[in-house]
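Since the structure comes first, as structure tokens, the remarks are kept for the end.
Just so it is clear, none of the values below were taken in a lab; they were calculated from the coordinates. Computed from a predicted structure; not experimentally measured. Positions of Cβ are backbone-derived with ideal geometry, glycine not excepted, and every protein chain shown enters the neighbour counts.
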């Protein structure tokens, strides 16, 4: 049985209900996209957890590297003025 | 200051800055994700534990699957099929979590079939009567839940997330088992006797499946420091007993432990000493069904080979269907 080539890995994303984005739920092996979808339905939506499924070949995902996460996300670290709480507003203004 | 994670590391281990960062994440109760740097021991330990857990779910389908065709009603049959399907699903969530650590599911399955990785001792016991299905749900799944709930906060993200899904689904497993045993226990004299007999046989193996006593547990201290394990085997065992002992009273069934009684002072149930020698024997391969379970798993793998080959051949012939949807 070891001679078999394992079927490719797919990442599974599920929209749990209308109005929400697809979320990553896990992965599975399947020989093609159609079977990946069917397997995803059986593995990840046995209790109506989804109304839509995406499957993406895992090999197609490009990810940021955790080793450079500090420098990669640095540019946002020193810009508190991007947040509304940075600004002081006179008390008289009730809502802004 | 030495961080908690290094308690078992040798003294020559010069503090690697990456290891310090890793342990700092764990100590501040953050999660480790697959592409983060991690010590080899952490990776190996998790692969071993997650694989064993996945194998347990897969092999665990066998004792219950044994009763699907003979379930006493359509309702019980539908429930049992749903439960066994869930076990397959749980196995897949867990293999998926293990694969994020850089192993392939097929390698793990080969290791299981070669007897180089294990599954839970409990599935080496036979299901002799229909009442065993109820007893498994109530006791075995009860013990599994006790063990699994703390794993939802395990330091490794993919494992913790898989356990959240598993725990949500397991609660149905335990309740259906309890309900089924309750019906038998409150049925005819013969049904009651059958339920009692099942509890007599499954009680101690369930108490033992939470692992060897803390004094003999080989992996515990390091797993605790790494945030993989949160409670010791004996703590989990006490928790399990405290949960099921009062439930047994409601079931009208008597656990086969003459020493089981509420201890007001401790705020816990006292219980007898489990036969850890038996646990060792069963884990070591000499339980009532070890060979049968292993042979069945191998046969299922081999019997399914043509299906996998056909699906692969179809995918090669119809590349359009393989393109990203």
Query raised in the report: What are the extents of the Cα atoms of region B:39-82 along their three principal axes, listed from largest to smallest and rounded to whole Å?
Result: 52, 14, 7
**Report entry** Mean projected area in nm² (Cα convex hull; one quarter of hull surface) for region B:139-235
**Finding:** 6.7
Report summary line: The relative contact order of chain B, taking Cα pairs under 8 Å that sit 6 or more residues apart, comes to a percentage of 19
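At 222 nm, what helix-only mean residue ellipticity would the protein assembly as shown give, in deg cm²/dmol to the nearest 500, using -39500 (n - 2.57) for each DSSP H run of four or more?
On the way: 17 runs with 212 residues, N = 421.
Taken over the protein assembly as shown, the calculation gives -16000 deg cm²/dmol.
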Report summary line: Projected area averaged over all directions for the convex hull of the alpha carbon atoms of region B:215-325, nm², comes out at 13.9
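Relative contact order for region B:225-325 using alpha-carbon pairs under 8 Å, separation at least 6, rounded to a whole percent? Walk me through the intermediate numbers first.
Working: 34 pairs, mean separation 12.9, N = 101.
Relative CO of region B:225-325 lands at 13 percent.
Given all pairs of different Cα atoms, what value in angstroms does the Kirkwood hydrodynamic radius of the protein assembly as shown take? Write out the running numbers ahead of the final one.
On the way: mean 1/r = 0.0416 Å⁻¹.
Hydrodynamic radius (Kirkwood, Cα only) of the protein assembly as shown equals 24.1 Å.
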Report summary line: Mean separation of Cα contacts under 8 Å (at least 6 apart) over the residue count of region A:9-82, i.e. the relative contact order in percent, is 34
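Can you sort B:266, B:291, B:308 so the residue with the fewest Cβ neighbours within 10 Å comes first?
On the way: B:266 9, B:291 12, B:308 17.
Fewest-to-most Cβ neighbours within 10 Å comes out as B:266, B:291, B:308.
Assuming 0.36 nm per residue, please report the length gained on full extension of the stretch residue B:268 to residue B:110 beyond their Cα-Cα distance. Present the calculation step by step, with values, prior to reporting the outcome.
Values: separation 158, 0.36 × 158 = 56.88 nm, distance 4.27 nm.
Contour length minus the Cα-Cα distance gives 52.6 nm.
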Report task. Compare A:77, A:33, A:63 in a GNM of chain A, Cα atoms joined below 10 Å, and give the one with the largest fluctuation. Result -> A:77
Query raised in the report: Please report, for the Cα atoms of region A:9-82, the Rg to one decimal and the Dmax as a whole number; what are they, in angstrom?
Result: 16.5, 49
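Please give the per residue volume of the convex hull enclosing the alpha carbon atoms of chain B, rounded to a whole number of Å³. Before the final figure, lay out each step's value.
Values: hull volume 55.7 nm³, N = 325.
So the per-residue hull volume is 172 Å³.
Would you order A:37, B:139 from fewest to most other beta-carbon atoms within 10 Å of each residue's own beta-carbon?
Details: A:37 16, B:139 30.
Fewest-to-most Cβ neighbours within 10 Å comes out as A:37, B:139.
Sort A:62, B:129 so that the residue with the fewest other Cβ atoms within 10 Å of its own Cβ comes first and the one with the most comes last.
Numbers: A:62 5, B:129 17.
Exposure proxy ranking, most exposed first: A:62, B:129.
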